[in-house]
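Only one structure is covered here, and it is reproduced in the block below.
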Amino acid sequence: MAPRPVARPSVRGVPWPAPPDLAAVTRAGAVVAHDDVDLARAGVVAAARVPWVGAAAESYRAAVAEQQALLDRLRAALEALLTDLAVPGSAGPGPAAWGRVLAGATCWGASGRSLRLGAGTFVAVDPEALADAAGRLERASEALDGASAALVRALWAPGTSGLSIHAPTGGSAARVGDLLTGPLAPGRAAARLRELAGSARAAAQLHRDGESRAHQRLRGAAVAAGHVPLVGAVEAWAVGTTGLLRAGWRVGFAAATGDDPLAGARREAGEVWSEAVAAGGVEVTLQGVAGALTSAVPPVLPDAVPVACAGLAALLAPGGAEVTLVPRVDPPQLPAPHGLAGILAAVATTYDDGQPTGLPGTPTATLTVQRLDHPDGSRSWLVAVPGTQSWGFEHDVATDMGTNLRLVGGLPDAMTAGVLAALGAAGVAADEPVVLAGHSQGGMVALAAAAAAAGTYRIGGVVTAGSPSVPGGTPPGVPVVRLEHDEDVVPQADGEPTRAGGDVTRVTRSLADDHPVLPTEAHGVAGYVRTAGLTDAAVAAAPGSSPGVTAVTGLLGADGTTATTWQYRVERAADG
């Protein structure tokens, strides 16, 4: 019986030479290997250009540079082999092949979106660009796998009953063997590139998610068979609100079992809230109760924390968003802000005079609006929003817990309505950029107002400090800078990590690098002003490290900018 013919292999659709032409087999394998190494080198060069500042970035670049140098030596060795085989200079891989490695090239012009401050350290990176670089390294490793396979085919040729080894002419066999097994082996280089790609992808995910280990531990606690996070419970207990679990379950139980579920839940909520306030809890107490209440939310529902907060708002803060602005007579004329620190300093002085950073005579629920007149004749605006100033829910000051509930629940709230009214009262023109900034609740208001003002005002940027997110997000193209301390639980109170990337730049800092801290200190606005100053200094020392930060601070104007300040107290219309 005659042997069954063996199909001739092909490379990218081109048939491999017939078995008798062994020299042609060797030449074809060497040419393909050379072109694949060219592709891999191009991918490595592109991956090396990811914008990244920090010690890890230096290690990454050193490792990538080492691999690039190795590929340069491998490419030179393959060119010597081609010369030995009398092969004309390779035309290189075609446009389609190059496209596999270079398409997109987002890592070439991307910018830092995740900033990390520590004890004498500064890290800036764009997670999307880093993930893009990881993809290029992976594709480069695939190209090197192709080069290794091509060199194997240069030593082996198809016979009538399978593959059989053949010896290329002259010293080519030794050259090919050395390239396959020696220090320049494409297979080894491919494995190293895959390791680098895995590290880069892991770093990208870490910066994109933006969660410290402490925050991950917080998010690990759950209620109702583990399907809903008990947000903030650990830190709430740390400051004395030890009744959070019992509070949430009591409210949920009353709603589920009483003859009048609505009245029963509201009665229980009022009682347990009084207990929580008496315990001395901070702003996160609200989110802890909301997290416990989500035990009543079916696990199939998405966004459990907003759903729970919306439910609590219906019980405790059913009022709408109708407000009245009360202009402050002879408000303090605050200096023109410079950098993130200047923006947050304006927020800090907007707190009422009962707070450490508030100025004398400043009432609760005050908004600060600054008109910034630049030396070149242009104009921009800053709106500063304080955080929670009352434990009440309704018919209290507008910066109360009811506003928190409505913000996290995605419902219209008084402070966001107040910001929109203040923009109109101050005379902001539609084409003049506005920076919205706030601490804690104020940051949530800034995010919500940016979305609500889209199409009416030109929102140039948003700055938040120690703030959770709100449903819906900000309009595309609006740079958002979010400052968060590792020890501050409040930014995690929405049940989701703050993700860097796109329009969002996340700045994180561990206060424990300097000294042990309590959650109350970690959340204070004064600490965030200091963090903002450190960020300004770090970005100035590394130009181009964070275009998101410079895009916002650049709207404040150059030296010589003057500021005119208005302040308005926001009152709910129903309060009279």
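The values are calculated or read from the model by the stated rules, or taken from the named source; none is laboratory data. Note that the structure is a prediction, hence the values are computed from the model and not measured. In this analysis, Cβ positions are derived from the backbone assuming ideal geometry, glycine residues included, and neighbour counts consider all displayed protein chains.
So, in the range 525-555, how many residues would count as being out of contact with any helix residue (DSSP H, G or I) (no Cβ under 7 Å at 6 or more places or on another chain), touching a residue at least 12 places away in the same chain (Cβ under 8 Å) and not in a helix (DSSP H, G or I)?
Looking only at that region, the number is 2.
Does R506 qualify as being surrounded by 23 or more Cβ atoms within 10 Å (Cβ to Cβ) and either closer than 29 Å to V428 by Cα or within 20 Å of the chain's Cα centre (by Cα) (or both)?
Taking the combined requirement at face value, the residue satisfies it.
Against the conditions (1) hydrophobic (A, V, I, L, M, F, W, C); (2) modelled with pLDDT of 80 or more; (3) outside any loop (DSSP other than H, G, I, E, B), where does A512 fall short? Just the number, please.
(2)
Hey, could you check the range 545-576 for residues that are polar (S, T, N, Q) and over 27 Å from Y351 (Cβ atoms) and say which is modelled with the highest pLDDT?
By that ranking, first place goes to T550.
Which one of these does G418 not meet: (1) surrounded by 23 or more Cβ atoms within 10 Å (Cβ to Cβ); (2) over 15 Å from Q441 (Cβ atoms)?
(2)
Would you be able to say whether some residue in the range 533-544 is of a type in the set (V, I, T), modelled with pLDDT of 85 or more, surrounded by fewer than 23 Cβ atoms within 10 Å (Cβ to Cβ) and under 17 Å from the mean Cα position of the chain (by Cα)?
The initial filter retains those residues of the range 533-544 that are of a type in the set (V, I, T), namely 535, 539.
Then keep just the ones that are modelled with pLDDT of 85 or more; that gives 535, 539.
From what is left, the residues that are surrounded by fewer than 23 Cβ atoms within 10 Å (Cβ to Cβ) are none.
Looking through the range 533-544, none of the residues is of a type in the set (V, I, T), modelled with pLDDT of 85 or more, surrounded by fewer than 23 Cβ atoms within 10 Å (Cβ to Cβ) and under 17 Å from the mean Cα position of the chain (by Cα).
If I go through the range 472-488 residue by residue, how many of them are outside any loop (DSSP other than H, G, I, E, B) and without any contact (Cβ under 8 Å) to a residue 40 or more places away in the chain?
Qualifying residue count for the region: 1.
Tell me whether the range 159-173 contains one or more residues that are aliphatic (A, V, I, L, M), modelled with pLDDT under 85 and under 21 Å from T83 (Cα atoms).
yes
Within the range 50-69, can you find the residues that are surrounded by 20 or more Cβ atoms within 10 Å (Cβ to Cβ) and either assigned by TED's automatic domain parsing to the domain that holds P543 or closer than 18 Å to A191 by Cβ (or both)?
Answer for the range 50-69, where residues must be surrounded by 20 or more Cβ atoms within 10 Å (Cβ to Cβ) and either assigned by TED's automatic domain parsing to the domain that holds P543 or closer than 18 Å to A191 by Cβ (or both): Y60, V64, Q67.
How many of the residues making up the range 456-474 are exposed (fewer than 15 other Cβ atoms within 10 Å of the Cβ) and modelled with pLDDT of 90 or more?
Here the count works out to 1.
Got at least one residue in the range 48-67 being more than 24 Å from H207 (Cβ to Cβ) and either of a type outside the set (F, W, Y) or assigned to a helix (DSSP H, G or I) (or both)?
no
Which residues, counting only those in the range 122-131, are touching a His at 6+ places or on another chain (Cβ under 7 Å) and assigned to a strand (DSSP E or B)?
V125
Of the conditions (1) of a type in the set (K, R); (2) free of Cβ contacts under 8 Å to residues at least 40 places away in the same chain; (3) within 25 Å of W52 (Cβ to Cβ), R458 clears all except one; give me its number.
Result: R458 fails condition (3) only.
Out of R530, R499, I need the residue that is surrounded by fewer than 21 Cβ atoms within 10 Å (Cβ to Cβ) and under 21 Å from the mean Cα position of the chain (by Cα). Which one?
Going through R530, R499 in turn, just one is surrounded by fewer than 21 Cβ atoms within 10 Å (Cβ to Cβ) and under 21 Å from the mean Cα position of the chain (by Cα): R499.
Might you check whether a residue that is at pLDDT below 75, part of a helix (DSSP H, G or I) and within 26 Å of A189 (Cα to Cα) occurs anywhere in the range 132-144?
The answer is no; no qualifying residue exists.
Can you confirm whether V428 is crowded, with 24+ Cβ neighbours inside 10 Å and at negative phi?
no
I'd like to know if the range 395-404 contains one or more residues that are under 24 Å from the mean Cα position of the chain (by Cα) and crowded, with 24+ Cβ neighbours inside 10 Å. Spell out the reasoning first.
Quick first cut of the range 395-404, residues under 24 Å from the mean Cα position of the chain (by Cα) only: 404.
Filter again for crowded, with 24+ Cβ neighbours inside 10 Å, leaving 404.
Yes, the range 395-404 has at least one match.
Looking only at the range 310-342, which residues are in a loop (DSSP other than H, G, I, E, B), at pLDDT 85 or above and among the hydrophobic types (A, V, I, L, M, F, W, C)?
V329, L334, A336
Only one of G424, G410 is within 21 Å of E322 (Cβ to Cβ), free of Cβ contacts under 8 Å to residues at least 12 places away in the same chain and out of contact with any strand residue (DSSP E or B) (no Cβ under 6 Å at 6 or more places or on another chain); which?
None of the other options fit; the residue is G424.
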